[in-house]
Amino acid sequence: MSTNPRYKRVVLKVSGEALREPGSRDNISPQIVQSIASQIREVKELGVELAIVIGGGNIWRGLSASHRGMNRATADYMGMLATVINGLALMSALEDLGISVRVQTAIEMNNVAEPFILRRATRHLELGHVVIFVAGTGNPFFSTDTTAALRANEIGAEVILKATKVDGIYDRDPMLHKDAVRFDHITYGEALSRRLQVMDSTAFSLCMDNRMPIIVLDMNKPDNIRQAVLGAKVGTTVSDKQV
């Protein structure tokens, strides 16, 4: 396979749960964060401009808290702060590997991170910095999936890599059904008609309306992110084109 990347500018969506060791009481596993940072370094070594959107579900889930009686807006703001914690942890691991990082937050906290400014974020990418977007969109009622879709379209990314704990999209839950079938590729229309939960509806609509391809992959396989950037068949691709 060629070592020339297929994509020049990429948004990597990492869930907060991905930072936690399964079965552990610790919200963040330094070893897992270091592993993710190593995978990101491999992508950067290809010359790819990389932005990251990180979730906060390992620390706090606003929607779950609202279902238990907390005000939804307050719960969501707490979730945004959780993403800041995760973003700083990833920043530290990347800097330990010698990678230049800029963290931009949708909620201003000048002692911690830069405010999100589109032109500044784009310039950082052009200069070779990894940009980590935290605090979601800065608004309650929006997920970090929506943040990934929004930021990807704002910065002119060519693809969203959604790093998960499964190796793609299935016709039904592979944890419950051993005969579940994985898709190598699926269109937006097919995903909607089959009611497949690729992303939440707002995020998915943003991607579909702007023809932003999504690759859902297993981040626990160390070389998957790099292979996806190189154009290998990894996980499931969602796009507007039939294959």
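What is the number of the single condition among (1) surrounded by 14 or more Cβ atoms within 10 Å (Cβ to Cβ); (2) over 24 Å from Val159 (Cα atoms); (3) touching a residue at least 40 places away in the same chain (Cβ under 8 Å) that Met70 does not meet?
Against the list (1) surrounded by 14 or more Cβ atoms within 10 Å (Cβ to Cβ); (2) over 24 Å from Val159 (Cα atoms); (3) touching a residue at least 40 places away in the same chain (Cβ under 8 Å), Met70 comes up short only on (3).
Of all the strands (runs of 3 or more DSSP E) wholly in the stretch 139-243, which have at least 1 residues that are in contact with a Pro (Cβ under 7 Å, 6 or more places away or on another chain) and at pLDDT 95 or above?
Values: elements: 159-164, 185-187, 214-218, 236-239.
Those strands (runs of 3 or more DSSP E) span 159-164, 236-239.
Within the stretch 4-20, which residues are part of a loop (DSSP other than H, G, I, E, B) and under 18 Å from the mean Cα position of the chain (by Cα)?
Tyr7, Lys8, Ser15, Arg20
Results for (1) in contact with a Ser or Thr (Cβ under 8 Å, 6 or more places away or on another chain); (2) over 20 Å from Glu49 (Cα atoms), shown as yes or no for each residue.
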site	(1), (2)
Ala135	yes, yes
Asn139	no, yes
Ser205	no, yes
Met212	no, no
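Among the residues of the stretch 115-132, is any surrounded by fewer than 16 Cβ atoms within 10 Å (Cβ to Cβ) and either under 12 Å from the mean Cα position of the chain (by Cα) or part of a strand (DSSP E or B) (or both)?
Here is the first cut: in the stretch 115-132, the ones surrounded by fewer than 16 Cβ atoms within 10 Å (Cβ to Cβ) are 115, 117-120, 123, 126-128.
Right, trim to either under 12 Å from the mean Cα position of the chain (by Cα) or part of a strand (DSSP E or B) (or both) and you get 115.
Within the stretch 115-132, one or more residues are surrounded by fewer than 16 Cβ atoms within 10 Å (Cβ to Cβ) and either under 12 Å from the mean Cα position of the chain (by Cα) or part of a strand (DSSP E or B) (or both).
Taking the stretch 21-60 as the region of interest, how many residues are in a strand (DSSP E or B) and in contact with a Ser or Thr (Cβ under 6 Å, 6 or more places away or on another chain)?
The first filter runs over the stretch 21-60 and keeps only residues in a strand (DSSP E or B), leaving 49-54.
Of the ones still in play, those that are also in contact with a Ser or Thr (Cβ under 6 Å, 6 or more places away or on another chain) are 53-54.
Total meeting the criteria: 2.
Which one of these does Met1 not meet: (1) of a type in the set (A, V, I, L, M); (2) modelled with pLDDT under 95; (3) under 29 Å from Gly231 (Cβ atoms); (4) assigned to a helix (DSSP H, G or I)?
That leaves (4) as the condition not met.
From the list Ile215, Ile155, pick out the single residue that is crowded, with 21+ Cβ neighbours inside 10 Å and either of a type in the set (Asp, Glu) or in contact with a helix residue (DSSP H, G or I) (Cβ under 6 Å, 6 or more places away or on another chain) (or both). Steps first, answer last, please.
Working: Ile155 fails: crowded, with 21+ Cβ neighbours inside 10 Å.
The conditions single out Ile215.
The values are calculated or read from the model by the stated rules, or taken from the named source; none is laboratory data. Predicted, not measured: the structure shown is a model, and the values here were computed from it. Cβ coordinates were reconstructed from backbone atoms using ideal geometry, including for glycine residues, and neighbour counts include every protein chain displayed.
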